[in-house]
1. In what sequence, highest mean first, do 134-143, 321-330 appear when ranked by Cβ atoms within 10 angstrom?
2. Tell me, what % of the accessible area of region 200-252 is carbon and sulfur with a 1.4 angstrom probe?
3. Return the FRET efficiency for the residue pair Val311, Gln147: r is the Cβ-Cβ distance, R0 is 41 Å, and the value is rounded to the nearest 0.05.
4. Work out how much length Leu250 to Gln66 would gain on full extension: take 0.36 nm times their residue separation and subtract the Cα-Cα distance, in nm to one decimal.
5. Show Cys144, Cys87 ordered by accessible area, largest first, where the area counts protein heavy atoms only and the probe is 1.4 Å.
6. Quick one: which of Lys100/Lys121; Lys280/Lys329; Lys72/Lys99; Lys74/Lys205; Lys74/Lys100 span more than 21 angstrom between C-alpha atoms?
7. Rounded to the nearest 0.05, what FRET efficiency is calculated for Val272 and Ile213 with R0 set to 30 Å and r the Cβ-Cβ distance?
8. Using a 10 Å cut-off on Cβ atoms, rank the peptides 119-125, 35-41 from the highest mean neighbour count down.
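The values are calculated or read from the model by the stated rules, or taken from the named source; none is laboratory data. From a predicted model like this one, the values you see are computed outputs, not experimental measurements. Neighbour counts run over all protein chains shown; Cβ positions are idealised from the backbone, glycine included. In case anyone asks, the SASA skips ligands and DNA or RNA and just uses the protein heavy atoms, side chains included. Shrake-Rupley method; radii C 1.70, N 1.55, O 1.52, S 1.80 Å.
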Amino acid sequence: MLQTKYWNIELRKRLKPVKNMDPEAEGPPIIKVTPLQQMLASCTGAIMTSLMVTPFDVVKIRLQAQNNPFPKGKCFLYSNGLMDHLCVCEEEGNKAWYKKPGRFQGTLDAFLKIIRNEGIKSLWSGLPPTLVMAVPATVIYFTCYDQLTALLRSKLGESESRIPIVAGIVARVGAVTVISPLELIRTKMQSKKFSYEELHQFVSKKVSEDGWISLWRGWAPTILRDVPFSAMYWYNYEVLKKWLCAKSGLYEPTFMINFTSGALSGSFAAVVTLPFDVVKTQKQTQLWIYESRKISMPLQMSTWAIMKNIVAKNGFSGLFTGLIPRLIKIAPACAVMISTYEFGKSFFQKQNARRQQY
């Protein structure tokens, strides 16, 4: 039985068309997914991830707020499972979603009381503004990764193991670079209601005073966290996916294989890059405080200086603050995103195959 299974797998491998196939050779043509279809698949994955992970972060923030009330001007991080966003407390009273009254005994108690007293929609409070940035960033990132992977495989061959690392790094740098100015503008808009004219004046003034590079402030610590994460994530994801397929006797990965590979590779990358995440959070928070109070930024605001200060105050373990919450959020987010994305691509492949038949 095992021998039969082995020959079936080998037969499918031989029958499967390769990317560099001669047009005159026998065999069906390769069914490709277009960049637009990749964008649609990644957009669907981004929305699904946000809808599933956001409630956990909303509950976490509400629990934090009841233990240490957020005063006006305080910053906190809000995450929709795809991106971390710096939110600034400016609204007074209990109108703001993060200040709504309620005494919670724990995570499950908070879920139940929020649903019972405020309605289930409250679990997705604050989601729309962050989706404005998270969805475009994810679409750019995943589409660039797939396009670069296809290009590198056509040049270097299918078996080159470094392709996921290179493609992941380039795609992440591109996505972070595009989104960084939008993050600065979005944070500014949270502090006060700006008209488009006022927003244009703010950006123009900032550029004239500090140059265009000022719009990318905070880019360096974001790159230090996201680029290693991306390189490790994609490499481990591809390796785990192939290994699980081999163990299961499958040539193509199933939804559960993609889900498991995404969760495990995301967890590993999250642990390794956590120190840079801690530094990025501190730097973003300090930048907001200095800018809102119109204080000149001190020289010790570099990534390395902040890291040394954390170790001096809290020891080496201070660089891994928030490890468990980060894992609880990152693992399911990576799993849902990649499995939904791969499912979307598979769906479009089948649609393209049907069109070619008729």
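1. Numbers: 134-143: 21.4, 321-330: 16.4.
Going by the mean number of other Cβ atoms within 10 Å, highest first, we get 134-143, 321-330.
2. Working: 1910 of 2960 Å².
Percent of accessible area from carbon and sulfur atoms in region 200-252: 64.
3. On the way: r = 40 Å, r/R0 = 0.98.
Efficiency, rounded to the nearest 0.05: 0.55.
4. Values: separation 184, 0.36 × 184 = 66.24 nm, distance 4.97 nm.
Gain in length upon complete extension: 61.3 nm.
5. On the way: Cys144 55, Cys87 15 Å².
From most exposed to least exposed: Cys144, Cys87.
6. Details: Lys100/Lys121 14 Å; Lys280/Lys329 17 Å; Lys72/Lys99 11 Å; Lys74/Lys205 25 Å; Lys74/Lys100 16 Å.
Among Lys100/Lys121; Lys280/Lys329; Lys72/Lys99; Lys74/Lys205; Lys74/Lys100, the Cα-Cα distance tops 21 Å for Lys74/Lys205.
7. Values: r = 29 Å, r/R0 = 0.96.
The value I calculate is 0.55.
8. Working: 119-125: 14.4, 35-41: 17.4.
Taking the mean over residues of other Cβ atoms within 10 Å, the ranking is 35-41, 119-125.
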